[in-house]
C-alpha cells in the first residue's frame, strides 16, 4: 500500500489541542486565586469544559500518522527512535513533576513519589505512556485491523471505551488507598480508556482521502455545539470531574476532531503561527503545568480579575514553554529533556504538496 499524504489538518489539530490543554490549565489557575462565583466564573466554566478535548486529540493524531505511513510495514528502529524522542523526556519531566509535588522530604516519600510518577504515570506527562501503549498495539494489530471493516471495529471500540469509562465514572471507589488511586488517576493509564481514539485514528489515517468525504456533511458544523451542551447537562446531573476521561468526551472529542479538520481542509495554507505552535507542541505539553505550578506562588495584582489573570498566565506560560524549548534545543542533549522542536515550515513542499505526511514524520 502506498503512503497517502496528510495535508494541513494535522498541524491544525496539534496546534489547537496544545492550546486547549494549556488554556484548561490556565483556567484552573484562575479558579485557584478567584473562587468567588460570578458571571466570569460561569463563562470560564463553560470554556473549561469546551477545551477538555486536548489529550484525546493528541492520541488520535499519533495513530492517524502511524496508520497513514506504517499500515503494512514498520521500519527498523521504529521503537528505539520513539524511546529517544518521547520516553527520555518523559523520564526527565516525570522526575521534575515528582520533585515539585513532594511534601515530606524523607527517603521513603521521595522514592514513593518518584516511583508513582515514573511507573504509574502519576504526573502531568502521563499521556506519553498511553501513546507508547498504542505504538505496541499498532505493531500487534495493524495487520488484523487492515482486514476488518471500520464499520465493525469503530463501534466495537466505542462500546468498549464507553463501558470502561462508565465503570470508573459512575461506580463508587473502594474505601482504601489503592482503590482511591485507581478511581482518581490509575484508570487513566490502560489503553482501554482511549482505545476508541486509537481505532478512529487508525481507520482515518488508513483511508484518509475517503474520510475527507465525511467532512462535507453538515452535521460536522453543529456536532461540537450539541455535544458540548450534552457535556454541560451531564456535568450538572452527575457532578463529574473536569477532565478528558469521561464517557461524554468520546462524543465531544470526536466532534471537535472532525470540526477542526473540516475547517482546516478548507484553508489552503497553514498560517505561520499555527505551524509555529504545532512545531513546539510537544514541549508545551511537557512543560506547561510546571510553569503553572510555579506561577501559583505569585499573588496576582489587585487590578486583575479571573478572566484577565487567566489570559495573562496562559500567554505567559506559552512564552515560557516555547522559550525553554528553544534554549534547551540549542544543545544536542536538550531535546531529551524538554522535547524536540519540529522543524517543518509552511514553505516546505514534499512531493509537490505542502503538509505531507513524510514531512510531518521526518520532523519528529
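The values are calculated or read from the model by the stated rules, or taken from the named source; none is laboratory data. As the structure is a prediction and not an experimental result, all values here were calculated from the model. Ideal geometry is used to build each Cβ from the backbone, glycine not excepted, and the neighbour counts take in all protein chains shown.
Values as computed for the structure displayed
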quantity: Residues of the range 81-92 classified as under 27 Å from residue 154 (Cβ atoms) and buried (at least 20 other Cβ atoms within 10 Å of the Cβ), total; calculated: 1
quantity: Members of the range 98-126 found to be buried (at least 20 other Cβ atoms within 10 Å of the Cβ), in contact (Cβ under 8 Å) with a residue 60 or more places away in the chain and within 18 Å of residue 339 (Cβ to Cβ), listed by number; calculated: 121, 124, 125
quantity: Residue 83, sole failed condition from (1) touching a helix residue (DSSP H, G or I) at 6+ places or on another chain (Cβ under 8 Å); (2) in a helix (DSSP H, G or I); calculated: (1)
quantity: The lone exception for residue 332 - which of (1) part of a helix (DSSP H, G or I); (2) at pLDDT below 95 it fails; calculated: (1)
quantity: Unmet criterion (only one of (1) within 23 Å of residue 344 (Cβ to Cβ); (2) modelled with pLDDT of 95 or more) for residue 55; calculated: (2)
quantity: Residue match in the range 193-213 (condition: exposed (fewer than 12 other Cβ atoms within 10 Å of the Cβ) and without any contact (Cβ under 8 Å) to a residue 40 or more places away in the chain); calculated: yes
quantity: Exclusive hit being outside any loop (DSSP other than H, G, I, E, B), within 30 Å of residue 79 (Cβ to Cβ) and under 19 Å from the mean Cα position of the chain (by Cα), set 145, 129, 141, 156; calculated: 129
quantity: From the options 294, 286, 311, residue that is within 20 Å of residue 341 (Cα to Cα) and either touching a strand residue (DSSP E or B) at 6+ places or on another chain (Cβ under 7 Å) or in a helix (DSSP H, G or I) (or both); calculated: 286
quantity: Number of the exception - residue 164 against (1) touching a helix residue (DSSP H, G or I) at 6+ places or on another chain (Cβ under 7 Å); (2) over 21 Å from residue 256 (Cα atoms); (3) modelled with pLDDT under 95; calculated: (3)
quantity: Number of the condition not met by residue 78 [criteria: (1) crowded, with 18+ Cβ neighbours inside 10 Å; (2) closer than 26 Å to residue 205 by Cα]; calculated: (1)
quantity: Residue within the range 219-226 that is exposed (fewer than 15 other Cβ atoms within 10 Å of the Cβ), in contact (Cβ under 8 Å) with a residue 40 or more places away in the chain and in a helix (DSSP H, G or I) present; calculated: yes
quantity: Residue in the range 339-362 that is modelled with pLDDT of 95 or more and either more than 23 Å from residue 16 (Cβ to Cβ) or not in a loop (DSSP other than H, G, I, E, B) (or both) present; calculated: no
quantity: Hits in the range 231-274 - residues which are touching a helix residue (DSSP H, G or I) at 6+ places or on another chain (Cβ under 7 Å) and either exposed (fewer than 13 other Cβ atoms within 10 Å of the Cβ) or not in a helix (DSSP H, G or I) (or both); calculated: 240, 242, 244, 245, 246, 247, 248, 265, 270
quantity: Given (1) in a helix (DSSP H, G or I); (2) over 22 Å from the mean Cα position of the chain (by Cα); (3) modelled with pLDDT under 95, number of the condition residue 173 does not satisfy; calculated: (1)
quantity: Every residue from the range 156-181 that is under 22 Å from residue 123 (Cβ atoms) and surrounded by fewer than 17 Cβ atoms within 10 Å (Cβ to Cβ); calculated: 173, 177, 178, 179, 180, 181
quantity: The range 38-75 - residue that is in a helix (DSSP H, G or I) and free of Cβ contacts under 8 Å to residues at least 24 places away in the same chain and, of those, surrounded by the most Cβ atoms within 10 Å (Cβ to Cβ); calculated: 45
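Listed here are the residues, each with its yes/no results for (1) more than 15 Å from the chain's Cα centre (by Cα); (2) within 24 Å of residue 43 (Cβ to Cβ).
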site	(1), (2)
233	yes, yes
237	yes, yes
249	no, yes
252	no, yes
267	yes, no
295	yes, yes
301	yes, yes
304	yes, yes
326	yes, no
